[in-house]
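The values are calculated or read from the model by the stated rules, or taken from the named source; none is laboratory data. Since the structure is predicted, the reported quantities are computational estimates derived from the model, not experimental observations. Please note: Cβ atoms are built from the backbone with ideal geometry, for glycine as well, and neighbour counts cover all protein chains shown.
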Amino acid sequence: MLSSTEANLYGVIKSRNEFTRDIPYKFEKSIRDNLKDYDFVLIDTSPSASSIVNALIAMSCDYLITPVSPTFFWLFPKTGG
């Protein structure tokens with residue numbers, strides 16, 4: 001159901017009118033108000049980079065940890081030339 005909810009949310013935010021323009025800020029306030037008693041909260045998000053839910057969660061964070069997979073070429077810095 002998350003994908004259909006996300007599609008509906010994207011449609012609402014994309015319409016950008018006087019009723020929907022504050023949704024991202026209200027979402028952030030809602031998260032911060034409900035989690036203010038915790039020191040740390042870990043949220044496992046989907047790997048989709050285009051997810052509006054992931055974007056709203058990232059906007060609500062003070063810190064964000066992004067795991068990456070280094071490749072062979074990651075070990076060798078590029079040199080000028």
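If the condition is being touching a helix residue (DSSP H, G or I) at 6+ places or on another chain (Cβ under 6 Å) and either among the aliphatic types (A, V, I, L, M) or surrounded by fewer than 12 Cβ atoms within 10 Å (Cβ to Cβ) (or both), then region 44-55 contributes 52, 53. Across region 1-40, the number of residues qualifying as free of Cβ contacts under 8 Å to residues at least 12 places away in the same chain, within 28 Å of residue 68 (Cα to Cα) and surrounded by 12 or more Cβ atoms within 10 Å (Cβ to Cβ) comes to 1. For region 44-65, filtering for residues that are part of a loop (DSSP other than H, G, I, E, B) and at pLDDT below 80 leaves 8.
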